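J.: One structure, pasted below without further comment.
Every number in this text was worked out from the coordinates using simple rules, so none of it is lab data. Being a predicted model, the structure only gives us computed values, none of them experimental. Backbone-built Cβ (ideal geometry, glycine too); neighbour counts: all protein chains shown.
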């Protein structure tokens, strides 16, 4: 090699780098499955209670008090940011959804107010 010419840099590949990456991915997935097993039932319970509460209260706000859905959505309590609300004005009902975990519907029944579906009176 002539003097003054730089030697090309060779990339040093560590043996087992790909294997370490797969071990990290497997560990993260295993931790996710374990967390879902431990916290899943509680999360489903919170989702069920939250959607039932949100549907019933928002239905009353909307169809008894006569406020708009957007105005009623302001009344959600802290911790219910993930609950999404939608209305069916024809059926006079409100549906509350917690993504992937649950949903509930409440509808206005004359003489009863807003009740959760399914309902047998």
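J.: Only one residue in 48, 70, 52, 37 is touching a strand residue (DSSP E or B) at 6+ places or on another chain (Cβ under 6 Å), surrounded by fewer than 17 Cβ atoms within 10 Å (Cβ to Cβ) and part of a helix (DSSP H, G or I). Which one? Show your work before the answer.
T.: Working: 70 fails: touching a strand residue (DSSP E or B) at 6+ places or on another chain (Cβ under 6 Å); 52 fails: surrounded by fewer than 17 Cβ atoms within 10 Å (Cβ to Cβ); 37 fails: touching a strand residue (DSSP E or B) at 6+ places or on another chain (Cβ under 6 Å).
The match here is 48.
J.: Could you please find all residues in the stretch 52-75 being over 20 Å from residue 115 (Cβ atoms) and in contact with a helix residue (DSSP H, G or I) (Cβ under 9 Å, 6 or more places away or on another chain)? Steps first, please.
T.: Let us first name the residues in the stretch 52-75 that are over 20 Å from residue 115 (Cβ atoms), namely 68, 70-71, 73-74.
Residues satisfying the conditions are 68, 71, 73.
J.: Right, here's the next one. Tally the residues that are under 16 Å from residue 114 (Cβ atoms) and surrounded by 16 or more Cβ atoms within 10 Å (Cβ to Cβ), restricting the search to the stretch 84-102.
T.: Of the residues in the stretch 84-102, the ones under 16 Å from residue 114 (Cβ atoms) are 85-96.
In the following step, the residues that additionally are surrounded by 16 or more Cβ atoms within 10 Å (Cβ to Cβ) were identified as 85, 87, 92-96.
The total comes to 7.
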